[in-house]
1. Just checking, how many residues over segment A:40-54 are within 12 Å of another protein chain (Cβ to nearest Cβ) and not in a helix (DSSP H, G or I)?
2. Given the conditions (1) crowded, with 19+ Cβ neighbours inside 10 Å; (2) part of a loop (DSSP other than H, G, I, E, B); (3) facing another protein chain (nearest Cβ under 9 Å), and given that A:Leu15 satisfies all but one, which numbered condition is not satisfied?
3. Listed residues B:Arg94, B:Arg99; which is away from every other protein chain (no Cβ under 14 Å), within 23 Å of B:Gly19 (Cβ to Cβ) and part of a helix (DSSP H, G or I)?
4. What is the number of the single condition among (1) in contact (Cβ under 8 Å) with a residue 24 or more places away in the chain; (2) surrounded by fewer than 18 Cβ atoms within 10 Å (Cβ to Cβ); (3) closer than 19 Å to B:Arg77 by Cβ; (4) of a type in the set (D, E, K, R) that A:Glu45 does not meet?
5. Of the residues that make up segment A:52-60, is at least one acidic (Asp, Glu), touching a Pro at 6+ places or on another chain (Cβ under 9 Å) and under 18 Å from A:Glu144 (Cα atoms)?
6. Just checking, does segment B:125-137 include any residue being touching a residue at least 40 places away in the same chain (Cβ under 8 Å), of a type in the set (A, V, I, L, M) and either within 14 Å of chain A (Cβ to nearest Cβ) or outside any loop (DSSP other than H, G, I, E, B) (or both)?
7. Within segment B:60-85, can you find the residues that are more than 14 Å from chain A (Cβ to nearest Cβ) and closer than 21 Å to B:Glu32 by Cα?
8. Here are some conditions: (1) hydrophobic (A, V, I, L, M, F, W, C); (2) buried (at least 19 other Cβ atoms within 10 Å of the Cβ); (3) more than 28 Å from A:Ala118 (Cα to Cα); (4) facing another protein chain (nearest Cβ under 10 Å). A:Leu31 meets all but one. Which one does it not meet?
There are 2 protein chains.
Amino acid sequence: MQRRAKGSVIWFTGLSGSGKSTLAGLMSEELERRGVHAERLDGDEIRKNLSPELGFSPADRDENIRRIGFVAALVERCGACAVVAAISPYRTARDAVRRSVQRFVEIHVDCPIDVLKARDPKGLYKRALAGELTGFTGLDAPYEPPLSPELHVRTDLETPAQTVARILSRLEELGAIPRP
Amino acid sequence: MQRRAKGSVIWFTGLSGSGKSTLAGLMSEELERRGVHAERLDGDEIRKNLSPELGFSPADRDENIRRIGFVAALVERCGACAVVAAISPYRTARDAVRRSVQRFVEIHVDCPIDVLKARDPKGLYKRALAGELTGFTGLDAPYEPPLSPELHVRTDLETPAQTVARILSRLEELGAIPRP
């Protein structure tokens, strides 16, 4: 007989290269250490597995976010924590997911775009600035920041470890995870 | 702190109208009664939510099953029981899901096609026989029955309650659910 754990959805949103996946990975490890099963739902990974036909138009991006939301809700109902890392540039799509789950913890992973252009580990900004990629969020496609996220983090001003510590204490405040 | 429950995937396969969804619904209720969280993954429902662009060609059917399998594996990892009801006509697609999860309980929901044609609650067989639907499993599209399913049930010979009782005792044998 299992005791039903409280599920939750931790949603990292922000520009490409802002640090969403890094934070999602660290968070998942930390959650597991605390006995909370975490399922990472990475935007690109879900796209590959569930939405290979979708592109990057606003409608296709929204549809991809809707599907991630569908899966995240399922993970939450199972009493686990869905840890989502997805650019998810549009506010309405994120808010629709928020309404469809019980406990939505939206974390805006923020970093000035000039820092991102300088970091650019995958060379995506360079390609987008050279015109090889179009519809790139933050350059020629919009990013709508959350208006009242559960947490706003600046990855250019704090280390990943510092950010994770802040996220954990916010999750504890929200009752999403047990205090250690 | 949650105790991690053992997850599993219960997969009902069989022709349209054979009773998969009915059994999946009854099974989910029974599992919840035993304290095992069940997530129903209905072929048509998942198709609507995750695969609206897919049709009924063999490749599209297989892709839909692959996506259901992806979600079922996730539910299993969360320690819950994925209860899948999907025609899933092709053996290779079902076997690929089997390989991708820890505990796969395949239940062949069997019923002679003449009985299904007579039942036909949704009028689908009638439409298919009239040529209004093509690629209909069991008529002009193949159904490949499982070669060694964990359970084979005949819905024309036993009541749903009898079938559910047999499934539960098989699940207990397999260690997939606790004995009451």
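The values are calculated or read from the model by the stated rules, or taken from the named source; none is laboratory data. Small disclaimer: the values here were computed from a predicted structure and weren't measured. Neighbour counts run over all protein chains shown; Cβ positions are idealised from the backbone, glycine included.
1. Adding up the residues that qualify gives 6.
2. (3)
3. Step by step, each of B:Arg94, B:Arg99 is checked, and only B:Arg94 is away from every other protein chain (no Cβ under 14 Å), within 23 Å of B:Gly19 (Cβ to Cβ) and part of a helix (DSSP H, G or I).
4. (1)
5. Looking through segment A:52-60, none of the residues is acidic (Asp, Glu), touching a Pro at 6+ places or on another chain (Cβ under 9 Å) and under 18 Å from A:Glu144 (Cα atoms).
6. no
7. Passing the criteria: only B:Ala85.
8. Here A:Leu31 clears every test but (4).
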